[in-house]
Structure formats: C-alpha cells, structure tokens
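**Q** So that we are looking at the same thing, I have put the structure below in structure tokens.
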Amino acid sequence: MEYQATSKYIRTSTRKMRLVADMVRPLSPVVALVQLMHMPQLAAKPLSSVLASAIANAKQKNVAVEALSFKRIEVMGGPSMKRWHAVSRGQAHSYKKRMTHVCIVLTDEKVSEEKKTEKGQK
C-alpha cells in the first residue's frame, strides 16, 4: 500500500531542495527523518515536515513504521515571484524568488532482491 504527503509553495529553490532529497533517498524514512533534523541546510526543515506527515499517514493505517520505504520523492518547481532591485541611473534588475512543490510516497511492500539485481544488470 502507498502512503503519501504533499507540500506546495515551499519558499526555497528546487535545486537546493533536490540536493537534500537526494541525500536521504537511499535511507529508510525513520532514519531519514533523524538525518533531516540534524542537517544545516534550510531546505531540510520543510522536507522533514513533509516526511513526518507521510509517516503519520501510514501510522493512521496501523502500519509498522520500520517496514516503510521510499517509493519516490518528487521535488517539482513551483511558481516564481518576480521581483526587482533598483540600480543606478533609474534602472531595475529583475530576479525571481522560486518556490517548490514536494511529494513523498512511502510503501510498505518489500521489493524482492531478485528484482533489484535484474534492474542493476540492464
């Protein structure tokens, strides 16, 4: 069974969020949650809240938390707020304040070791 949580309009860039997501992707969700709480990156806090929500959704269905694993972590670009900065001679330079959408899907199904080795051989 799959359990998911989504957070939208997170005020950090998609690139920074993907770097943090890639660090915790190979871990189990419980270990990843602990790792995220101790990371210095600012993108770790919103990602840990989404992960905590996905784990809580699984607990609602009476699933053992230790049996969970990541099926996917999607970090998608959201809208950008367009801003400008005043510069000399009455001109303006524009910049974007980017936002991110995150979707975490957990599963309690075990993937057999045979399927993992087959994927590695191709």
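The values are calculated or read from the model by the stated rules, or taken from the named source; none is laboratory data. Model, not experiment: these values are computed from the prediction. Positions of Cβ are backbone-derived with ideal geometry, glycine not excepted, and every protein chain shown enters the neighbour counts.
**Q** Quick check on my filter: what residues within region 22-37 are in contact with a Leu (Cβ under 8 Å, 6 or more places away or on another chain), closer than 12 Å to ILE73 by Cα and not hydrophobic (A, V, I, L, M, F, W, C)?
**A** Once the filter is applied, which keeps residues that are in contact with a Leu (Cβ under 8 Å, 6 or more places away or on another chain), closer than 12 Å to ILE73 by Cα and not hydrophobic (A, V, I, L, M, F, W, C), region 22-37 yields only PRO29.
**Q** Working carefully through the options SER88, SER112, find the one that is more than 26 Å from TYR9 (Cβ to Cβ), over 17 Å from the mean Cα position of the chain (by Cα) and at pLDDT below 95.
**A** It is SER112.
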